[in-house]
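Chemist: Got a structure for you, written out below as structure tokens; questions coming shortly.
The values are calculated or read from the model by the stated rules, or taken from the named source; none is laboratory data. Nothing here was measured: the structure is a model prediction, and the numbers come from that model. Note that each Cβ is placed from the backbone with ideal geometry, even for glycine, and that neighbours are counted across all protein chains shown. For the accessible areas, the whole protein counts, side chains as well, though only heavy atoms, and no ligand, DNA or RNA atoms are used. Shrake-Rupley method; radii C 1.70, N 1.55, O 1.52, S 1.80 Å.
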Amino acid sequence: MNDAKPLANLEEWEDFLKERYPEPATASTASHATNPGKPKEQFRNYEADARPTVREFYRLNHRHQTHEFASAKRKEFLSLNRRKMGVWEAAEYLNQLVDDSDPDTDLSQLEHLLQTAEHIRSDGQPRWFILAGFVHDLGKILCLWDEPQWAVVGDTFPTGCRYSNKIVFPQFFADNPDSQNPRYQTPLGIYEEVCGLDQVQLSWGHDEYIYHVTKDHLPEEALYMLRYHSFYPWHREGEYSPLTNAHDREMLQWVQKFNPYDLYTKSHAKPDAKALRPFYEDLIAEYFPPVLKW
Ligand SMILES: [Fe+2]
Ligand SMILES: [Fe+2]
């Protein structure tokens, strides 16, 4: 197994999330926010059932995503001096990410973005919300710069404080050097109560990166969706609330509103990128300058 790429493709991680958080049977997916308290009879041992590739992916993620690692990656990437490109161009660039997907059944990266955005659009949501859907995974371009999968995707979690046992495969944190650092292992760790998530350094990945690329151009609600869409321990499990402030708690509903569009749209029909392009080019131009720093 390749250490940098234990997953055959990034979708394996997302398919696992769907196993863990199955689509609610009742009501429309979009209006259904979250139900952290799953009834007992629905409980499945998703960890035992996880593919070996997914398990290995989480093992590496939990072992290597230290506070220091997350800090170093922020320094490395958030100067945004790698490329200059427009948003549609970035989506096409991301679309070059070819992993071991099945072209007949799996969606390309661009198709996933369009499908998420189109589902949001068909529910009559505001234009900025549709645009958030379109850009939310552009941070996965980190994979094209040879970043290992576990440093691009995966459920994110705060570094520098105790790990919640609601994080998937919590036992793998035993191999993380931070688990030996007593300063990092109190409930608040290096943070102050109610400091706000903006002060908290989450494990590094595509969410934090796209947030920084887009932060001057989108409404706050959209930015929360981008920055925290993989922070399942918070938005699905209700953990880490002592670190959040009133503003985070108000914005949480938007992150939760976004999540079903990301997770449960994959069964829908494949979008026609060529036909949709003019609509998205207009929408992008409404919010973004022609070129952004990446
Ligand atoms: Fe994502
Ligand atoms: Fe996504």
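Chemist: Against the condition more than 22 Å from Leu107 (Cα to Cα) and within 18 Å of the chain's Cα centre (by Cα), how does Arg249 come out, does it pass?
Modeler: Against the criterion (more than 22 Å from Leu107 (Cα to Cα) and within 18 Å of the chain's Cα centre (by Cα)), Arg249 does not qualify.
Chemist: Of all residues in region 120-143 being open to solvent by less than 10 Å² (accessible area, probe 1.4 Å) and more than 15 Å from the chain's Cα centre (by Cα), which is nearest to ligand 2 (Cβ to nearest atom)?
Modeler: Applying the first criterion (open to solvent by less than 10 Å² (accessible area, probe 1.4 Å)) to region 120-143 yields 120, 129-142.
When the remaining residues are screened for being more than 15 Å from the chain's Cα centre (by Cα), the result is 120, 129-131.
Working: Ile120: 12, Phe129: 14, Ile130: 14, Leu131: 14 Å.
Applying the filter and picking the extreme gives Ile120.
Chemist: Being open to solvent by 70 Å² or more (accessible area, probe 1.4 Å), within 17 Å of the chain's Cα centre (by Cα) and in contact (Cβ under 8 Å) with a residue 40 or more places away in the chain: is that true of Gln201 here?
Modeler: no
Chemist: From the list Leu97, Leu78, Leu113, which one is more than 16 Å from ligand 2 (Cβ to nearest atom) and hydrophobic (A, V, I, L, M, F, W, C)?
Modeler: Values: Leu97 fails: more than 16 Å from ligand 2 (Cβ to nearest atom); Leu113 fails: more than 16 Å from ligand 2 (Cβ to nearest atom).
The conditions single out Leu78.
Chemist: What are the pairs, 6+ residues apart or on separate chains, where a residue within region 250-261 that is in contact (Cβ under 8 Å) with a residue 12 or more places away in the chain and more than 15 Å from Glu237 (Cα to Cα) has its Cβ under 7 Å from a residue that is surrounded by fewer than 22 Cβ atoms within 10 Å (Cβ to Cβ) and of a type in the set (Gly, Ala, Ser)?
Modeler: Sorted first by the residue in region 250-261, then by its partner, the pairs are Tyr261/Ala30.
Chemist: Right, here's the next one. Only one residue in Arg249, Arg227, Arg277 is within 16 Å of ligand 2 (Cβ to nearest atom) and of a type in the set (D, E, K, R), so which one is that? First the steps, then the outcome.
Modeler: Working: Arg249 fails: within 16 Å of ligand 2 (Cβ to nearest atom); Arg277 fails: within 16 Å of ligand 2 (Cβ to nearest atom).
Answer to the selection: Arg227.
Chemist: Consider Trp234 against the criteria (1) more than 16 Å from ligand 2 (Cβ to nearest atom); (2) in contact (Cβ under 8 Å) with a residue 40 or more places away in the chain; (3) part of a helix (DSSP H, G or I): it satisfies all of them except one. Which criterion is unmet?
Modeler: (2)
Chemist: Would you check if Tyr280 is open to solvent by less than 40 Å² (accessible area, probe 1.4 Å), within 13 Å of ligand 1 (Cβ to nearest atom), closer than 21 Å to Gly124 by Cβ and in a helix (DSSP H, G or I)?
Modeler: For Tyr280, the condition - open to solvent by less than 40 Å² (accessible area, probe 1.4 Å), within 13 Å of ligand 1 (Cβ to nearest atom), closer than 21 Å to Gly124 by Cβ and in a helix (DSSP H, G or I) - is not met.
Chemist: Is it the case, given these coordinates, that Met225 is open to solvent by less than 20 Å² (accessible area, probe 1.4 Å) and within 16 Å of ligand 1 (Cβ to nearest atom)? Before the answer, list the steps.
Modeler: Numbers: open to solvent by less than 20 Å² (accessible area, probe 1.4 Å): yes; within 16 Å of ligand 1 (Cβ to nearest atom): yes.
Against the criterion (open to solvent by less than 20 Å² (accessible area, probe 1.4 Å) and within 16 Å of ligand 1 (Cβ to nearest atom)), Met225 qualifies.
Chemist: Right, another one. Filter region 144-191 for residues that are of a type in the set (Lys, Arg) and free of Cβ contacts under 8 Å to residues at least 60 places away in the same chain; which is most open to solvent (accessible area, probe 1.4 Å)?
Modeler: Going through region 144-191, the residues of a type in the set (Lys, Arg) turn out to be 162, 166, 183.
Pick out the ones that are also free of Cβ contacts under 8 Å to residues at least 60 places away in the same chain and you get 162, 183.
On the way: Arg162: 114, Arg183: 151 Å².
Once the filter is applied, the top-ranked residue is Arg183.
Chemist: Separate question: Just checking, which of Arg82, Arg63 is surrounded by 13 or more Cβ atoms within 10 Å (Cβ to Cβ), in contact with a Phe, Trp or Tyr (Cβ under 7 Å, 6 or more places away or on another chain) and in a loop (DSSP other than H, G, I, E, B)?
Modeler: Arg82
Chemist: Follow-up. Would you tally the residues in region 179-219 being in contact with a Ser or Thr (Cβ under 7 Å, 6 or more places away or on another chain) and not in a loop (DSSP other than H, G, I, E, B)?
Modeler: Selection size over region 179-219: 3.
Chemist: Of everything in region 100-110 that's open to solvent by less than 50 Å² (accessible area, probe 1.4 Å) and in contact (Cβ under 8 Å) with a residue 40 or more places away in the chain, which residue is nearest to ligand 2 (Cβ to nearest atom)?
Modeler: My answer is Leu107.
Chemist: Those residues that are touching a strand residue (DSSP E or B) at 6+ places or on another chain (Cβ under 9 Å) and open to solvent by 20 Å² or more (accessible area, probe 1.4 Å), I need them from region 206-215; list them, please.
Modeler: none
Chemist: Somewhere in region 246-260, is a residue surrounded by 17 or more Cβ atoms within 10 Å (Cβ to Cβ), in contact with a helix residue (DSSP H, G or I) (Cβ under 6 Å, 6 or more places away or on another chain) and outside any helix (DSSP H, G or I)?
Modeler: no
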